[in-house]
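Novice: One structure is given below, represented as structure tokens, and several questions about it will come after.
The values are calculated or read from the model by the stated rules, or taken from the named source; none is laboratory data. Here the structure is a predicted model, which is why all the values come from computation and not from measurement. Positions of Cβ are backbone-derived with ideal geometry, glycine not excepted, and every protein chain shown enters the neighbour counts. Heavy atoms of the whole protein, side chains included, go into the accessibility calculation; ligands, DNA and RNA do not. Shrake-Rupley method; radii C 1.70, N 1.55, O 1.52, S 1.80 Å.
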Amino acid sequence: MNYKDPFLRPRLFCPGPTPIPRVVNDVTADAQIYHRTGDFYNIVLRCRKLLAPFMGTKQEPAILTASGSGAMEAAIVNLTAAKDKVLVVNGGKFGERWQQLCQAYECDTKVLSVPYGESPSVNDLLAFVDKHRNAKALFLQANETSTGVFFPLGEIIPALRKKFAGLIVVDAISALCAHEIKMDEWGIDAVVSGSQKGFGLPPGLAFISMSQRAWNNLSTRGRYYFDLRIEEKNQKEGKTAWTPAITLVQQLAAALEALHGFGIERVFEHHEVLARAARAGAAAIGLELFPKANFSHALTAIKVPKGVDGSQLIKTLQKDYQVTFAGGQGDELKGKIVRFAHLGFIDSLDFIGGMAVLEFGLHACGYKFELGDGVKAAMQVISGLDNKIRS
Ligand SMILES: *Cc1c(COP(=O)(O)O)cnc(C)c1O
């Protein structure tokens, strides 16, 4: 016998995978489609065209069959050679991933460590690149998913661009859809992303767009699966170098059409409002946020209050409500924060449910507060009642 509560259904409030919307689920898995056909090439071409505006570029991205980290790896193998000096900003688990990838590919890797929960300052970054002027490339995140911080790239990148001649590569895997990224205008050389975050697909696709500067500075390293020269040559015609995750590409087209139909500006606005609602909700029940500034619009990292075991809270939410929130990653944050993601296809009602279940969980874990205060504050933000107190 399965004694699971039949009235509950699983819900995701973790920063990837995110809930899959109907428009994506409704794409019929047509097993009879072959990827070497004009029909499929047209789907690839449409995806490339519709993805580029989310990255703020005219450079159409390569679509790779891999998780997001595959696109990070593609950036490194195509843009760096062993022994090249490269710079990494490490402000969390994903900054650490850039560092590990660069080291795995035997780059001379210099790291700017940023305290968890903070963004690198423009001055620190300028001093960092000044110290390493001959570096081939700089790698950083847009949204550091482990800490809930969005690095203010609109400020950072143009300032860096004036002082740094190397390539600037941005991991925007959890940022796309939640934040506007202006790759061309700010001067980014490569933007990478993936399917299971803002775009509401299952995991399995990764994207990378590169500037003309990046294409002019390809590395001499040997490479095979992630050889972007081959992808670019082929994908210009809608062809992929290898067998792609065909159904995911079909689903991607559906998601992108839905997002563009709604309007890309409104997609950003939607995420901004939910992020503001999450912060207001947390504050209303006496919770502190983990970052002090530069709040992500993709997820809100909330400190677990004194007396509550964060790991227990996440477990309770999963076990009693079948709801998935993410906890803190790594020794520094484990058990100390809860990450409430509002990325991708999460509507206001799902979001209010997320806020409510977080309250249920905190209540069950013994935290004292007025049940419903967080939901109320979040509803006020979503309904626009709080317009005058915008943070
Ligand atoms: C999710 C994520 C990744 C990639 O993770 P995969 O599991 O490889 O898809 C990389 N960077 C950031 C900032 C992310 O949020």
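Novice: Label the chain by shape, choosing from rounded, prolate and oblate, from the square roots a ≥ b ≥ c of the eigenvalues of the Cα gyration tensor; if a/c is under 1.5 it is rounded, and otherwise prolate applies when a/b is larger than b/c, oblate when it is not.
Specialist: Note, shape of the chain comes out oblate.
Novice: In nm, to one decimal, how far is the E288 label point from the K85 one, both placed 7 Å along Cα→Cβ?
Specialist: 3.9
Novice: Pick out, from L12, G194, Q100, the residue whose Cα sits farthest towards the positive end of the charge dipole of the chain, with +1 on the Cβ of Lys and Arg and -1 on the Cβ of Asp and Glu.
Specialist: In the chain, that residue is Q100.
Novice: Something else: If you take the Cα Rg of segment 295-391 and divide it by 2.2 N^0.38 Å, with N the number of residues, what do you get?
Specialist: So the Cα radius of gyration is 1.08 times the expected 2.2 N^0.38 Å.
Novice: In whole Hz, what ³J(HN,Hα) sequence does segment 59-73 give by Karplus (6.51, -1.76, 1.60; θ = phi - 60°), x for Gly and Pro?
Specialist: 3J(HN,Hα) across segment 59-73, in whole Hz: 7, 6, x, 7, 9, 10, 8, 5, 6, x, 4, x, 6, 5, 5.
Novice: For segment 18-53, run through the chymotrypsin sites (Phe, Trp or Tyr not before Pro) and keep only the ones in DSSP coil with at most 14 other Cβ atoms within 10 Å of their Cβ.
Specialist: Y34
Novice: Taking all protein chains as present, what is the carbon and sulfur share of the accessible area of the chain, in % to the nearest whole number, probe 1.4 Å?
Specialist: 52
Novice: Report the net charge of residues surrounding E265, where surrounding means a beta-carbon distance below 11 angstrom and charges are Lys +1, Arg +1, Asp -1, Glu -1.
Specialist: In short, -2.
Novice: Using 0.36 nm times the number of residues separating D320 and H363, minus their current alpha carbon distance, what extension gain do you get?
Specialist: The span from D320 to H363 would gain 14.2 nm if fully extended.
Novice: I'd like the GluC sites (Glu not before Pro) in segment 282-391 restricted to DSSP loop residues with at most 15 other Cβ atoms within 10 Å, sorted by number.
Specialist: Answer in residue order: E288, E370.
Novice: Extending each Cα 7 Å along its Cβ direction at Q100 and K233, get the distance between those two points in nm, one decimal.
Specialist: 3.4
Novice: Mean-square fluctuation check for the chain, GNM, Cα pairs under 10 Å: which of L176, L343, L358 is largest?
Specialist: Highest fluctuation of the listed residues: L358.
Novice: Classify segment 162-240 as rounded, prolate or oblate from the Cα gyration tensor: take a ≥ b ≥ c as the square roots of its eigenvalues, call it rounded if a/c is under 1.5, otherwise prolate when a/b beats b/c and oblate if not.
Specialist: oblate
Novice: Now for a different question. Could you tell me which Cys residues in the chain have no other cysteine's Cβ under 4.7 Å from their own Cβ, answering none if every one has a partner?
Specialist: C14, C47, C177, C365
Novice: Counting heavy atoms of the protein chains only and a 1.4 Å probe, report the per residue accessible area for segment 256-391 as a whole number of Å².
Specialist: About 47 Å² of surface per residue is accessible.
Novice: So if R0 is 45 Å, what FRET efficiency would R266 and R133 give, r being the distance between their Cβ atoms, rounded to the nearest 0.05?
Specialist: Rounded to the nearest 0.05, the efficiency is 0.60.
Novice: For segment 179-278, which chymotrypsin sites (Phe, Trp or Tyr not before Pro) are both in a DSSP coil and crowded by at most 10 other Cβ atoms within 10 Å?
Specialist: Y224
Novice: Under the classification rounded if a/c is under 1.5, otherwise prolate if a/b is larger than b/c and oblate if not, where does segment 271-349 fall, given a ≥ b ≥ c as square roots of the Cα gyration tensor eigenvalues?
Specialist: Cα axes put segment 271-349 in the oblate bin.
Novice: Might you work out the accessible area of T243 for me, using a 1.4 Å probe with all protein chains in place, and round it to the nearest 10 Å²?
Specialist: The value for T243 is about 90 Å².
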